[in-house]
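Only one structure is covered here, and it is reproduced in the block below.
Nothing in this text is a laboratory measurement; each read-out follows from the coordinates by a stated rule. Since the model is a prediction, treat every value here as computed from it, not as a measurement. Heads up, the Cβs are rebuilt from the backbone with ideal geometry, glycines too, and the neighbour counts pull from every protein chain shown.
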Amino acid sequence: MSTPVANTADVTAARRIAGQVPDPELPMVTIGDLGILRAVTVDERRRLVVSLTPTYSGCPAMAEIFADVVGRLRRAGFAGVTVRTVLQPAWSSDWITAGGARKLRAAGIAPPARVTRHPAGQPIPLTLGLRRAAQCPRCGSTDTTVVSNFGATSCTALDRCRACLEPFEHVKEI
Amino acid sequence: MTTGGAPADDNPYHSLTQETDPDPRWAFGTGFSDPLAGVTGAVPDGVAGEDLAAYCLMLGDDALVFSHRLQEWMTRAPELEEEAALANVALDLLGQARLLLQRAGRADGSDRSEDDYAFDRREHEFRQVRLVEGADPDFGALVLRLLIFSTFRLAVLDRLRGSHDPVLSAIAGKAVPELTYHRDYAAAWVIRLGDGTPLSHRRMTEALATICPLVLQLFTAHPVETRLAAAGVAVDPAEVRAEVDSVLRTVFEAATLSAPVCQPLPGVVCRVGRSGVHTEAFGHLLAELQSVARAYPGATW
């Protein structure tokens, strides 16, 4: 059963609802903040189509996000929503909005720096030694070190602040 | 249009407790959606669907089998940070495998799912390189295998971003940054252990001698790879040899390890992993990987 979407105001409303779905692993930010919500459109039969993109290939949260988007839209009166996976262009941490970065920092998670891309057509350089660490989200010090490039979830690394000695998570540049 | 039905809280579990529609999941994390939901992509012109499917299985099985080997290290890694790292690498590879196996089912028209390929195929129907099959005796041997595998896979998938198959190109585009992290991680450990204590150096030298016979065949193209490379869909693995050699040389030099001279592990009438001829270790791995699916065919949870 599907409900045709009448006008662009509906699409705007649907986009706002979908954009407010929290990330299951980083619930302080929404899929709108993270750039996981790619588009909300209507198809030729005027039904809603929500396009989502996974952060990592193995992101285990995608099924939950799909279900949450569909559930929230249904409760708002949008039935028969189609969810599409968009793989290209691949998600980048650069898509996290400024607001999303602020929310992450407020929750004690360092947001990612801008990603530097290697020139096309050249081999991807090997990075020996850990990358430069992020600014400590607790005390603001830049005297920090990377403990591990792999943290508790796919998208975070584990860093430590040498000034306040606290460990903190860091959303990886990808 | 009202938004009054939307939950006011931001509890990510909300939809799981409030759903009234049929939903196969009984808990968070259960139930697997199609990883290629809504992704459309016809087989490119001039390409046989069976070839494209076979190629997807090659790249997918490499990731699936090595992911399983990495998963075996859970609860056995030397430190918690390394366990988290190995789990992350395993999860990335499993995700890549899911996308590729799912694509295979669309490409050959059989509409088989990722689970059909992972759980219902027999040993000789798998297409991974033999490099990913062995169980490692210690952490050093594991990170060495990971270094060689991720260097090879990164070089292949980086080129595959230009594939004429839009789905393969997109899958490669997602995988490349993930593999870059995997390779950096493995390289750092190979250097620490190779250029470490006399004991760690000796173990890394032994590990290198053990794995060496499986490296050369990474660069030998299967006829499917050759055909699809000519059509601009696949990457001829021979093309990446110089880059892989160069990266490994850099790491081995820093690790004070010298690559041994060795004879490649022979195949059976020249057939190796890509043709379905595998090492003994793979049979044991597959028996475990498929045990639940074979004991309870078609079971869901």
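In a reduced charge model with +1 at each Lys and Arg Cβ and -1 at each Asp and Glu Cβ, the protein assembly as shown shows a dipole moment near 900 debye about its Cα centre. For residue A:42, the amide hydrogen comes within under 5 Å of the amide hydrogens of A:49, counting only partners 5 or more places away or on other chains and with H modelled in the peptide plane.
Give the dimensionless ratio obtained when the Cα radius of gyration of chain B is divided by 2.2 N^0.38 Å. Each step should come with its number before you reach the end.
On the way: Rg = 20.7 Å, N = 301, 2.2 N^0.38 = 19.2 Å.
For chain B, the normalised Cα radius of gyration is 1.08.
When shorter helices are ignored and each DSSP H run of at least 4 residues is given -39500 (n - 2.57), the per-residue value for chain B at 222 nm works out to -18000 deg cm²/dmol.
Run the dipole for region B:45-295 about the Cα centre, Lys and Arg Cβ at +1, Asp and Glu Cβ at -1, nothing else charged, and hand back the magnitude in debye, nearest 20.
Numbers: 25 positive and 36 negative charges, 68 e Å.
Once rounded to the nearest 20, the dipole reads 320 debye.
Using the Cβ of residue B:88 as centre and a radius below 11 Å, the other residues enclosed give a net charge of -4, where K and R count +1 and D and E count -1.
Mind giving me the nanometre distance, one decimal, between the label points for residue B:292 and residue B:37, set 7 Å out from Cα along Cα→Cβ? Label at residue B:292, label at residue B:37, 2.1 nm between them.
Taking the helices alone, chain A has a mean residue ellipticity at 222 nm of -6500 deg cm²/dmol, built from -39,500 (n - 2.57) per DSSP H run of at least 4 residues and averaged over all its residues. Reported to the nearest whole Å, the Cα centre-to-centre distance from region A:152-166 to region B:231-301 is 34.
Annotation: amide H of residue A:171 within the under-5 Å range of A:110, A:157, sequence separation 5 or more or interchain, hydrogens built in the peptide plane.
Computed from backbone phi, the HN-Hα couplings of region B:126-140 come to 7, 10, 6, 6, 6, 4, 8, 8, x, 8, 8, x, 8, 4, x Hz, rounded to whole numbers (Karplus: 6.51 cos²θ - 1.76 cosθ + 1.60, θ = phi - 60°; Gly and Pro given as x).
Computed from backbone phi, the HN-Hα couplings of region A:107-112 come to 8, x, 10, 6, x, x Hz, rounded to whole numbers (Karplus: 6.51 cos²θ - 1.76 cosθ + 1.60, θ = phi - 60°; Gly and Pro given as x). Amide hydrogen proximity for residue A:84: with H placed 1.01 Å from N in the peptide plane, the residues at 5 or more positions away or on another chain lying under 5 Å are A:50, A:51, A:52.
Once the mean of 1/r is taken over each pair of separate Cα atoms and inverted, the protein assembly as shown shows a Kirkwood hydrodynamic radius of 23.6 Å.
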